[in-house]
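Please read the structure below before turning to the comments.
The values are calculated or read from the model by the stated rules, or taken from the named source; none is laboratory data. Everything numeric in this text was worked out from a predicted model, so none of it was measured. In this analysis, Cβ positions are derived from the backbone assuming ideal geometry, glycine residues included, and neighbour counts consider all displayed protein chains.
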Amino acid sequence: MNAGKRRHFRTLWISALAWTFGVAMLYLSASWLLEVIRFPYRSLELRTQSLVTRQARLAPADPRVVFLADDAQSHTLDQLWEEDFETTPIFKLMKKRVWSREIAAQILERLASAGAKVVAFDYLYLGEDDGDPAFRAALDKWRDRVVVGVQFEDARMGSGLEEPTRTLLPARDTDRTGFANIWPDEDGVVRRAWMRRSALDLSGIGGGTKQTVYESLAAATIRKAGFGQLIPQDRDSRVFRFAFRGEQVWEKQNPPSIYSIFLPAMWEGTNYRNGEFFRDKIVLVGPEGQYHKDLYSSPFGMIAGPEFHLNAMNALLQQQFLRDTSPAMDLGLIAVCGLLALLAGRFLENPYARIAVVLGMAIGGFWAAVLAHDLGWVAPVLSPLLALVGTTATFSIAEQIADRRERSRMRKTMERYVSRDIVKELLDNPESYLNTLGGARKQVTVLFSDVRGFTTLTESSDAQALVTQLNEYFTEMVHIVFAHRGTLDKFIGDAVMAHWGSIVSEGEANDARNAVATALEMRRALLRLNPAWKERGMLELNFGIGVNQGEVIAGNLGASGDYEKMEITVIGDAVNLASRLEGVTKTYHIDLCIGENVAALIRDNFILRSLDLIVVKGKTKPVEIFAVLDERSPTSVEPTWLPMHEAAMRCYREGAFTEAERSWREVLAQNPGDSISELFLERCADLQIRAPIEDWKGVFEMKSK
């Protein structure tokens with residue numbers, strides 16, 4: 001192995017070890033970094049784990065758990081009839097903006113009487129209410145079947161769950177309460193639950209054996225349902241497996257509304273079968289998230305607060321909890337990924353093969369994390385992949401720096417003279433037709449623009465001032481061509497030739513739209529430039545533009561050998577016709593003319609005006625041509641005279657010259673000075689005097705280019 005190779009692999013070893021060691025240190029100190037420099041590394045790690053969670057299997061939804069939703073329907077009751085309010089008095093209470101706790105009492109009475117195993121209320125009953133006596137009586141009556149939510153206060157502010165609070169049931173009544181707090185991870189996403197916790201745990205003090213330990217709303221509910229043995233006895237948080245995906249709610253359908261259990265037709269009918277539906281069920285009563293804005297971020301998107309408790313209950317009933325891998329295992333994964341990157345660099349000198357292999361290993365690592373999740377483990381994802389990809393990238397970047405510097409220098413030099421698309425094709429695709437003397441047939445849209453009266457300008461203007469003005473003109477026009485993904489072919493004196501689809505194509509329709517949009521932008525740019533030139537004492541410029549679409553031969557044409565001169569261009573009838581259409585604009589006193597092929601592709605995007613059926617000089621086949629008035633947009637409006645013009649054109653081509661003349665006079669009345677109407681009025685007058693033309697089709701033969 002020569003010295004260069006040894007330096008190559010020494011660099012690889014050093015970069016691999018340094019990067020892997022750095023990732024390991026970053027992983028171990030993520031929490032410290034987060035607090036000191038606000039670097040959200042831990043949040044990023046958690047977000048990648050959310051990606052894994054979305055691909056992993058879900059927990060089955062336990063049919064013993066039911067969510068009864070406090071939703072918009074239960075408050076508006078717009079779906080009920082007047083007689084429903086008379087026969088069911090509770091609906092009058094529910095119609096009020098703020099619900100009395102007497103409603104909660106009746107909910108508990110109805111569900112418990114129907115045989116519900118436990119009814120849990122995901123509410124914080126703060127303060128006092130006129131319905132408290134009724135609700136307290138129901139809570140006492142069904143104390144073996146009810147759980148009510150309470151909440152930890154901010155322990156850092158000196159208060160805690162053990163402090164007296166003005167709730168209907170105090171937190172100390174642990175037989176009928178459970179804390180409803182939801183604590184997200186560092187990235188703000190809820191993915192774990194605490195089943196048992198004390199106020200001191202929140203303060204960071206923890207420990208101790210005499211402190212009061214409280215159960216969560218989910219744990220207290222499951223314990224009261226008779227499954228206390230399933231509740232973990234420690235005070236650690238646990239990642240649980242969700243039982244729904246994305247925006248789908250519990251049981252993958254809209255949950256039953258509170259009002260429905262009081263509606264006789266539903267209670268007695270097939271919905272609830274006189275309450276049999278709720279027998280032996282665990283029922284959670286709580287606000288529907290979208291209505292009450294009780295929403296939390298989860299790996300699957302936003303979920304309602306009650307849905308979190310439902311998932312926690314489901315996880316307890318089915319023991320769907322996940323375990324975090326140990327720090328030693330995490331560091332081992334990081335080291336293995338760094339070693340794999342090192343081996344890829346050692347044995348794969350081709351950078352593309354190396355990237356492909358490492359990308360394959362990264363994808364495999366991700367799905368390995370998904371498999372681990374399915375098996376009950378939560379493994380780090382970001383850090384091992386960062387060690388794998390980062391080590392490879394560090395070495396690959398070093399190899400590419402010199403080459404990229406040279407390419408950048410060459411690219412900038414060439415872009416001063418030819419289109420960016422041509423430079424890209426020449427440098428990035430050396431085997432393409434642009435790097436040969438061959439060519440390829442392609443559907444291309446071609447644009448020609450030409451300054452009017454340029455010969456006169458050269459005779460009467462100062463040479464230096466004219467060159468300055470033309471350079472400003474060309475700079476603006478070429479910028480517009482490039483901005484619309486066009487290829488600048490050449491300058492022909494004062495003319496600009498550009499095309500779309502010869503090198504990079506966005507499809508025939510998009511190429512045509514880009515070309516016409518370029519022409520309209522050129523028109524607007526000239527309107528901006530002329531006043532500025534006039535203020536500087538320069539002459540105003542006018543131009544004509546022709547746009548055509550068709551099959552051409554695109555290639556790198558020129559001479560080889562001692563007199564080598566190459567030019568990337570397009571040739572063919574479609575190119576010649578585009579040039580002729582630019583000349584046609586003089587006849588019709590317009591600045592933009594397009595051919596029928598272009599019109600067919602852009603008609604839905606631009607407001608077009610039929611011009612004529614013409615046979616250009618040197619051809620025998622007629623071509624329909626059009627003027628472009630404007631782009632179609634929500635704010636654009638077709639001229640009111642345009643339908644009359646199109647009707648006149650149809651009459652003209654059918655030989656009905658009198659009717660055509662009448663319509664064009666109406667167009668001229670609405671659009672005074674319209675040169676096209678004036679031209680066709682002259683033609684109609686002449687054609688009415690002359691003898692009828694045999695096989696008249698409305699075709700006009702151009703006598704000049």
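Is the stretch 364-377 home to any residue that is of a type in the set (Asp, Glu) and either under 24 Å from Val146 (Cα atoms) or surrounded by 17 or more Cβ atoms within 10 Å (Cβ to Cβ) (or both)? The answer is no; no qualifying residue exists. Taken as a whole, the condition of being within 25 Å of Gly583 (Cβ to Cβ) and of a type in the set (A, V, I, L, M) applies to Ala515.
Of all residues in the stretch 112-121, those being buried (at least 24 other Cβ atoms within 10 Å of the Cβ) and either among the hydroxyl-bearing types (Ser, Thr, Tyr) or within 45 Å of the chain's Cα centre (by Cα) (or both) number 4. Condition check for Gln73 on (1) of a type in the set (S, T, N, Q); (2) closer than 18 Å to Arg241 by Cα; (3) touching a helix residue (DSSP H, G or I) at 6+ places or on another chain (Cβ under 7 Å): one failure, at (2). Just one residue in the set Asn597, Asn530 is of a type in the set (S, T, N, Q) and over 24 Å from Leu613 (Cα atoms); that residue is Asn530.
Among the residues of the stretch 460-505, those identified as of a type in the set (A, V, I, L, M, F, W, C) and more than 23 Å from Val570 (Cβ to Cβ) are Ala463, Ala465, Leu466, Val467, Leu470. The one condition from (1) in contact with a Lys or Arg (Cβ under 6 Å, 6 or more places away or on another chain); (2) assigned to a helix (DSSP H, G or I) that Met497 does not meet is (2). Of all residues in the stretch 259-303, those that are among the aliphatic types (A, V, I, L, M) and either farther than 22 Å from Asp122 by Cβ or part of a helix (DSSP H, G or I) (or both) total 4. Of Thr48, Thr88, all but one fail to be under 41 Å from the mean Cα position of the chain (by Cα) and among the hydroxyl-bearing types (Ser, Thr, Tyr); the exception is Thr48.
Just so you know, in the stretch 378-424 the residues that are among the hydrophobic types (A, V, I, L, M, F, W, C), modelled with pLDDT under 75 and in contact with a helix residue (DSSP H, G or I) (Cβ under 6 Å, 6 or more places away or on another chain) include one that is surrounded by the fewest Cβ atoms within 10 Å (Cβ to Cβ), and it is Met414. Of the residues making up the stretch 335-377, those that are β-branched (Val, Ile, Thr) and modelled with pLDDT of 90 or more are Ile363, Val370. Tell me, which residue of the stretch 562-579 that is modelled with pLDDT under 75 and not aliphatic (A, V, I, L, M) is farthest from Leu613 (Cα to Cα)? Out of the qualifying residues, it is Asp562. Just one of the listed residues (Leu629, Leu611, Leu668, Leu601) is within 22 Å of Ala515 (Cα to Cα) and over 37 Å from the mean Cα position of the chain (by Cα), and it is Leu611. For the stretch 261-272, residues that are among the polar types (S, T, N, Q) and in contact (Cβ under 8 Å) with a residue 12 or more places away in the chain total 1.
Could you list all residues from the stretch 614-660 that are of a type in the set (Val, Ile, Thr) and either touching a helix residue (DSSP H, G or I) at 6+ places or on another chain (Cβ under 9 Å) or over 20 Å from Asn671 (Cα atoms) (or both)? If the condition is that a residue be of a type in the set (Val, Ile, Thr) and either touching a helix residue (DSSP H, G or I) at 6+ places or on another chain (Cβ under 9 Å) or over 20 Å from Asn671 (Cα atoms) (or both), then Ile614, Val615, Val616, Thr620, Val623, Ile625, Val628, Thr635, Thr640, Thr658 are the ones that fit.
Scanning the stretch 336-382 for residues that are touching a Ser or Thr at 6+ places or on another chain (Cβ under 8 Å), assigned to a helix (DSSP H, G or I) and of a type in the set (Val, Ile, Thr) yields a count of 2. Take the conditions (1) in contact with a helix residue (DSSP H, G or I) (Cβ under 7 Å, 6 or more places away or on another chain); (2) surrounded by 15 or more Cβ atoms within 10 Å (Cβ to Cβ); Glu551 misses just one of them, which is (2). Test Val451 against the criterion of being in contact with a Leu (Cβ under 6 Å, 6 or more places away or on another chain), surrounded by fewer than 17 Cβ atoms within 10 Å (Cβ to Cβ) and within 26 Å of Ala574 (Cβ to Cβ), and give yes or no. No: the conditions fail for Val451.
Of everything listed in (1) surrounded by 15 or more Cβ atoms within 10 Å (Cβ to Cβ); (2) at pLDDT below 85; (3) out of contact with any Gly (no Cβ under 9 Å at 6 or more places or on another chain), the single unmet condition for His292 is (3).
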